[in-house]
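Beneath this line is the structure, given in C-alpha cells, with notes to follow.
The values are calculated or read from the model by the stated rules, or taken from the named source; none is laboratory data. Note that the structure is a prediction, hence the values are computed from the model and not measured. In this analysis, Cβ positions are derived from the backbone assuming ideal geometry, glycine residues included, and neighbour counts consider all displayed protein chains. Accessible surface is based on the protein model in full, side chains and every heavy atom, while ligands, DNA and RNA are left aside. Shrake-Rupley method; radii C 1.70, N 1.55, O 1.52, S 1.80 Å.
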Amino acid sequence: MTQTAVTPAREPAVRKATPGGARTARRSGRRRLALPYLLLLPALVLELLVHLVPMLMGVAMSFKELTQFYIRDWASAPWSGLDNFSVSLDFDAAVGQSLLKSFLTTCQFTVLSVGLCWLLGTAAAILLQENFRGRGVLRTLFLVPYALPVYAAVITWAFMFQRDNGLINHVLHDQLGIGDSPAFWLIGDNSFWALLAVSVWKGWPFAFLTVMAGLQNIPRDMYEAASLDGAGVWKQIRHITLPSLRPVNQVLVLVLFLWTFNDFNTPFVLFGEAAPEAADLISLHIYQSSFQTWNFGTGSAMSVLLLLFLLVVTGVYLLLTTRGRKTSDV
Amino acid sequence: MSEAAHGRPSRPRSPMAPPRSFLWTRRIVLTLLTGFVLLPVYVMISSSLKPLEDVSGKFEWIPSALTLRPYADIWETIPLADYFVNSIVVAGAATVFSVVVAIFAAYAVSRYSFRGKRVFTVTVLSTQMFPGILFLLPLFLIYVNIGNATGIALFGSREGLILTYLTFSLPFSIWMLTGYFDSIPRELDEAAKVDGCGPIRALFRVIVPAARPGIVAVAVYAFMTAWGEVLFASVMTNDTTRTLAVGLQGYSTQNDVYWNQVMAASLVVSVPVVVGFLLLQRYLVAGLTAGAVK
C-alpha cells in the first residue's frame, strides 16, 4: 500500500528533469483523466438512449394531451398542464377509481408475494446450510424456477389452472372433493390467488440464491464459539444467522419489492391482455388503459405517479433500515 | 459430493448433533418445497407426451398413452424454428455486448476516481426501479424517429431489440462486476502496469481472467433477461423478428389451444437456458457472493 501511494508523487518530480518528459507527463495525465470517461462512454450512451431519455420523454408526455391523433408527431400535441394527473387521481370518476383499485390490489399482492418469497428462500437456504446427503441436488433443483423462461413457466401454470382439464381442479375437486363444481381460477376472485401462487413459485429461488450467498460470508468461528457455549442449532439460527443476514435482507427485500410491484410479465402471460379485476396489477392496468383508449398522456401520468410512489417508498425504506441498523450496532 | 465426504471432517456445528426437531423440520420443509418446485415441471413434461384427446379431458397424473407427436407437430403448427433463431440471435448478441460494455464501465468505477462517479452509479442503479411501462412508448417513438431520420431500422428489427435488452441487463451487470473487481487486489494490476502494461492491457491480462466467475455470472444473467422478456418483445417485433416469448404467448392464447404441443414447445425452449444455467450456477453464487453481497 505504502509503495503505491509513494510512486505517483515521485514520478512527476523525476520526469520534470527533462522538458520532453514534462510534456509526456502532462499528456498522459490528461489521457488518464479522460480514460475513465472513455471507458464509461458506451454504457452512458446506452443508458441515455434506452433508459433516461425515454423516461424524461415519458414525464413530458404526461403533461400533454397525447391521443392517437398526435402519435406520429408527439411533440406537436398540445400541453394540458396537470389534466392527466387530475383525471388519474379523481377517485370519484371511473378512471381514477379503477386505478386506485388496481393500486391497492398491487400493494396487497406485493406484500404477500415478497413476504412468502423471502420466507421460503430464507428457510431453504438456512436448512441447506449444513451438509447432508442430497444437499447439492436440492440446491440445483430449487433454482429451476428461476432458470425457466418466465413465459414457459407461466404458460404451464395457466394450463394447470384451466377449469376443465387443469391439474389444480383435478386435485381440489375430483380428488379432494372440495366445492360443488370445479372453480374458475383465471377469471373472478380466485385469480388473485392463482397469480400469487405463480409469482411466489417464480420469485422465491432468487431470495434463496441471495440468502445462500449471504450465508457464505458469515465467519465459521462464530458458530464454533456459540456451540462451545452450548447454543443449539435453533439458538444459533436466531442469534447468529438471522442477525448476520440483515444487510443482505435489506437489499433483497427492496429488490423483490420493486420487481413484484412492477411485474408485468406474469399477469400478462397468465391472463392475456385483459386481467380479471381481482388480479389487475398496476403495470398491466396502465398498459391496458393506454392501449385500449390510445390515450398515452393519461397512461404516462399514471406511470409517473407509479414511479413517484416507488421513489418515496424506496427512500423511506432505505432511511429507516439504515438508521435502524446503525443504532442496533451501537 | 465427494467433496462432502472428505472436505472438512467435522463441521463446526457437529460437536452437538442437530436435534431431531431440526432434522424433521428440514425433512418436511424441503420435501414440500421440492414438490412445489417440481409440480409444473412434471405437468410440462408429462403433458407434452400425451395425445391431444388426453390433454383436452380431465387431467391424468399418469399418462394413459404416450406419444412423441407433439414434438414433431410444434415445428409445423407455428414457425417455432424462426422464433428460435430470432431469440438466439437477439439474446446472444445482447449478452456479448452487455458483458463487454459492463466490463469497461465496472473497470472505470472500480479502479478510478473521477468527477461524477457517484452520480453515475446511483443513476444507473435507480433505472432498475423504473416501471417498464413508463418508457415503453417513448422508446418506441424514439426508435421510429431514429428510423425516419437516419434510415437505421430499430423498430421491429432485431437490432432494436438487442439494443434494448443489452441496456436492461447493464445496471445489474455493472454493479455486480464493480463489486467483483473491487475484490481483486489492486497490487495485481499495479504490478502489470509496472511491467509496462497500459490500463487496457492490464484490464484484459489481469483483471478479466481473475474475475471470470463474475463475468460468467453476468453473462448468464444477461442471457436469461433477454431470453425471457415479454413486454418489449410484444410491442417491438413484427412477423419476421418475433421471438419465442411472443410466439409462445400467442400459441397459448388461441381459441383452441393444443396444450400438449404448447407444453412440448415450452419444454423445448426452456432446455437451453435451464441446462446452461444449472451448469453455470456455481459461478452465479460465487459472483453474487463477491459482487452483490458486501
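Filtered by the rule that a residue be modelled with pLDDT under 80, part of a loop (DSSP other than H, G, I, E, B) and open to solvent by 30 Å² or more (accessible area, probe 1.4 Å), the stretch B:246-293 gives B:T253, B:Q254, B:N255, B:D256.
The single condition from (1) surrounded by fewer than 16 Cβ atoms within 10 Å (Cβ to Cβ); (2) farther than 25 Å from B:M224 by Cα; (3) assigned by TED's automatic domain parsing to the domain that holds A:L284 that A:F103 fails is (1). Per the conditions (1) out of contact with any Gly (no Cβ under 7 Å at 6 or more places or on another chain); (2) part of a helix (DSSP H, G or I); (3) small (G, A, S), the sole criterion not satisfied by A:A275 is (2).
Screening A:S290 on (1) small (G, A, S); (2) under 24 Å from B:T225 (Cα atoms); (3) at pLDDT below 90 shows it passes everything except condition (2). On inspection, A:T298 qualifies as in contact with a helix residue (DSSP H, G or I) (Cβ under 6 Å, 6 or more places away or on another chain), assigned to a helix (DSSP H, G or I) and at pLDDT below 90.
Of all residues in the stretch B:268-285, those that are more than 10 Å from chain A (Cβ to nearest Cβ) have Cβ atoms under 9 Å from Cβ atoms of residues that are surrounded by fewer than 15 Cβ atoms within 10 Å (Cβ to Cβ), 6 or more apart or on another chain, in B:Y283/B:R212. Exactly one residue among A:A124, A:A93, A:A152 is buried (at least 22 other Cβ atoms within 10 Å of the Cβ) and more than 15 Å from A:F208 (Cα to Cα), and that residue is A:A152.
For (1) closer than 22 Å to B:V43 by Cβ; (2) within 18 Å of the chain's Cα centre (by Cα); (3) hydroxyl-bearing (S, T, Y); (4) surrounded by fewer than 23 Cβ atoms within 10 Å (Cβ to Cβ), each residue gets a yes or a no:
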| residue | (1), (2), (3), (4) |
| --- | --- |
| A:N169 | yes, no, no, no |
| A:L196 | yes, yes, no, yes |
| A:N249 | no, yes, no, yes |
| A:L254 | no, yes, no, yes |
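Of all residues in the stretch A:292-312, those that are more than 16 Å from A:M61 (Cα to Cα) and touching a residue at least 12 places away in the same chain (Cβ under 8 Å) have Cβ atoms under 8 Å from Cβ atoms of residues that are open to solvent by less than 10 Å² (accessible area, probe 1.4 Å) and in a helix (DSSP H, G or I), 6 or more apart or on another chain, in A:L310/A:F261. Consider A:S227 against the criteria (1) in a helix (DSSP H, G or I); (2) more than 8 Å from chain B (Cβ to nearest Cβ); (3) at pLDDT below 90; (4) in contact with a helix residue (DSSP H, G or I) (Cβ under 9 Å, 6 or more places away or on another chain): it satisfies all of them except one. Which criterion is unmet? With respect to (1) in a helix (DSSP H, G or I); (2) more than 8 Å from chain B (Cβ to nearest Cβ); (3) at pLDDT below 90; (4) in contact with a helix residue (DSSP H, G or I) (Cβ under 9 Å, 6 or more places away or on another chain), A:S227 is out only on (2). For first residues located in the stretch B:136-164 and at positive phi, partners that are surrounded by fewer than 17 Cβ atoms within 10 Å (Cβ to Cβ) and lie 6+ apart or on another chain with Cβ distances below 8 Å form the pairs B:G156/B:N238.
Taking the numbered list (1) open to solvent by less than 50 Å² (accessible area, probe 1.4 Å); (2) within 18 Å of B:V96 (Cβ to Cβ) in turn, B:I184 passes all entries but (2).
Within the stretch A:212-243, track down each residue that is open to solvent by 40 Å² or more (accessible area, probe 1.4 Å) and out of contact with any Pro (no Cβ under 8 Å at 6 or more places or on another chain).
A:Q216, A:N217, A:P219, A:M222, A:A225, A:D229, A:G230, A:K235, A:R238, A:H239, A:L242, A:P243
Total residues in the stretch B:47-74 satisfying the condition of being among the hydroxyl-bearing types (S, T, Y) and in a helix (DSSP H, G or I): the figure is 4.
The criterion of being in a loop (DSSP other than H, G, I, E, B), open to solvent by less than 60 Å² (accessible area, probe 1.4 Å) and in contact (Cβ under 8 Å) with a residue 60 or more places away in the chain holds for B:T241.
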